[in-house]
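Any read-out appearing in this document is the output of simple, stated calculations on the displayed coordinates, not a laboratory observation. None of these values were measured; they are calculated from a predicted model. All Cβ positions, even for glycine, are placed from backbone atoms using ideal geometry, and neighbour counts span all protein chains on display.
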Amino acid sequence: MVRQYLGQGSVPPIEDEVEKNYPWRDVLMDSNYAAGLMTDVLLAATPMPPTLPAKDEAYDPARVLSDEQEQQRRRISLVSPSGATHYVAMHEVVAQHASRSTPVNDLFHQARELISAVAQQVMPVACLVAKARDLALEEKPANERDAWRRRVIATTLGLEEHIVGVWQSLTLHKYAHRDRVHGVRRLTQDLVDKALQAIVVVMALIDAYERHVELVLDRIADLRNGEPTTAAAEALRDLMPHDPRCMAYLFDELQDPRWWPLLRKRRFFDSPPEPERLVHPVWPASRYLARIAANAPDRTAFVELLLKIGADTTNVRIHEDIVRSAIGLPSEQACLVLDAAVVWLLQPLHDYVARLVGDRELIRFPTWLAQLLLRIATDVQSPLDHQQRARATLAALLAWEVDPTHSDVCFPQVIESRAFTAVVQHLLQYVDAQSWELVLQILIEAAQHVSETLRPVASEWSDPLSTDPDAELGGASALAEAIIWITDPQDPLRDGSETLLPRDLYGAIAAMWL
């Protein structure tokens, strides 16, 4: 392994030797996926990666949407998240009309808001199309905003004639307000059908947006590559929906740290994706923050943003990005993130290094956490109590314990067994020689603890310093011997080498799991 020390506060890349060397055959899957995979095998079908559930209770709490309606909601949410909320609210009114005092008013109000939200998001696309085709836009009248927007969108995006007719014929405002003559209206099927025409128009607008999304991406690139200004950030906010394609197109190539305060004010970091079972989506926004952390302006506010994002999600990939961001910060700010990260370690999958089924990229929270701990523990500019606390936490992360029910079996106390190997490999690759000495000292202490615990029972069965991982003491003795071997220059197994090579330790430890 080639050491790639990047300097104090540098952030390692995602794709590195830990990622490349992890065995592809080891994939973490849940019982639902495993059952489906077995069914596919029995049916001689090609197994498919996991997908999100057909319905999402977080966005449809009353569970009123059919499967088809849920798919419509998702398409709308990619262009206009607020529009998707009004879409669900419309169906809630229809399903719960008997328990509502003003169901007609409620239904048509939500229909109005739905069309308005989506049309507002589609309007910048219409302007881009007009500019690309050198079309002259109709001047905006003083008191005709909705009608003018409808005409511009219909003309520039080429809406079908019958869709334009339906949109023009909608009189949603008439039913959204109180009827002074008849009082509260009763919701009839005719009124439901009339309101649902708004959805027909909205889906046509979504289709038009999707047809012209390339123009949106080109404009995002122009703004992203330009100077970070308030006007540019406003243009991005008005142009960009929460479409994953657009978010990735903006953040994957964004390198300038001056953008983050401007984008935060426009709420680009407000909605980190939550996991669904074993699906933990990568979030381009948090990847950007990890890239620019070392040079981020206003670090106090930057750390506040990191902690807010971390508190808003249990997504292990996002928590990894936040810890990677902290690696690039001065110790004073990094310690604030560390306190939260230690708590996150208790959340599902945070103690694993694994490849989740359906994903190419590892989850590896323990490796990033270990590097952050080591960085603070060895930073002479950090307060002594912070150094000591980080050192103790790193020792706990790498500690091994003997199984009380099987005295010849040991295991990592905090993290999963494969995660231990990955953490060592990660630290070997990225830390300097002085920092590695602390890691080595911690590993020796862990091995001594296991060896001392097992020595009373080891004499009954086998050599307590056996390097054979198949011996009675299993991996525990192999770990202890691995430490002794590389720290004893007189050991004949070292072939007379005078140089202490960190890769020797990794090789010895990794041999336990082959």
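Structural remarks
- Checking the cross-link pairs Lys194/Lys265; Lys140/Lys194; Lys140/Lys174 against a 30 Å limit on the alpha carbon distance flags Lys194/Lys265 as lying beyond it.
- With K and R counted +1 and D and E -1, the other residues having a Cβ less than 9 Å from that of Val152 yield a net charge of +3.
- The rule of thumb for compact globular proteins, 2.2 N^0.38 Å, goes into the C-alpha radius of gyration of region 149-284 1.42 times.
- Put in line by how crowded their Cβ is, counting other Cβ atoms within 10 Å and starting with the fewest, Asp106, Asp222 read Asp222, Asp106.
- Between Gln413 and Thr453, full extension at 0.36 nm per residue minus the direct alpha carbon distance yields a gain of 13.0 nm.
- In region 170-323, a dipole from Cβ-located charges (positive for Lys and Arg, negative for Asp and Glu) runs towards its positive end, and of Val201, Leu215, Ala248 it is Val201 whose Cα lies farthest in that direction.
- Listed by Cβ neighbour count within 10 Å, with the fewest neighbours leading, Arg133, Arg224 appear as Arg133, Arg224.
- Cα-based shape type of region 206-309, given that a ≥ b ≥ c are square roots of the gyration tensor eigenvalues and the cut on a/c is 1.5: oblate
- Here the residues Ser99, Ser382, Ser417, ranked from fewest to most Cβ neighbours within 10 Å of their Cβ, fall in the order Ser99, Ser417, Ser382.
- Dipole moment magnitude, nearest 20 debye, region 271-322 about Cα centre, only Lys, Arg, Asp, Glu C-beta charged: 140
- A cut-off under 12 angstrom between Cβ atoms defines the neighbours of Pro103, and their net charge, with Lys, Arg +1 and Asp, Glu -1, is +1.
- Where the alpha-carbon atoms of region 67-211 are placed on the principal axes, they occupy 52, 37, 24 Å, in descending order.
- Shape call, region 322-427: gyration tensor on alpha carbons, a/c limit 1.5: oblate
- Ordering Pro348, Thr313, Ile363 by the projection of their Cα atoms onto the charge dipole of region 313-372, which places +1 on the Cβ of Lys and Arg and -1 on the Cβ of Asp and Glu, puts Ile363 at the extreme positive end.
- Contact order, relative form, for region 67-211: 33 percent (alpha carbon pairs under 8 Å, 6 or more residues apart, mean separation divided by residue count).
- Relative to the Cα centre, the charge distribution of region 232-320, modelled as +1 at Lys and Arg Cβ and -1 at Asp and Glu Cβ, gives a dipole magnitude of about 140 debye.
- The packing ranking of peptides 370-379, 306-315, highest mean first, is 370-379, 306-315, where packing means the average number of other beta carbon atoms within 10 angstrom of each residue.
- Long-range amide H partners of Cys410 with built H, under 5 Å: Asp403, Gly475, Ala476
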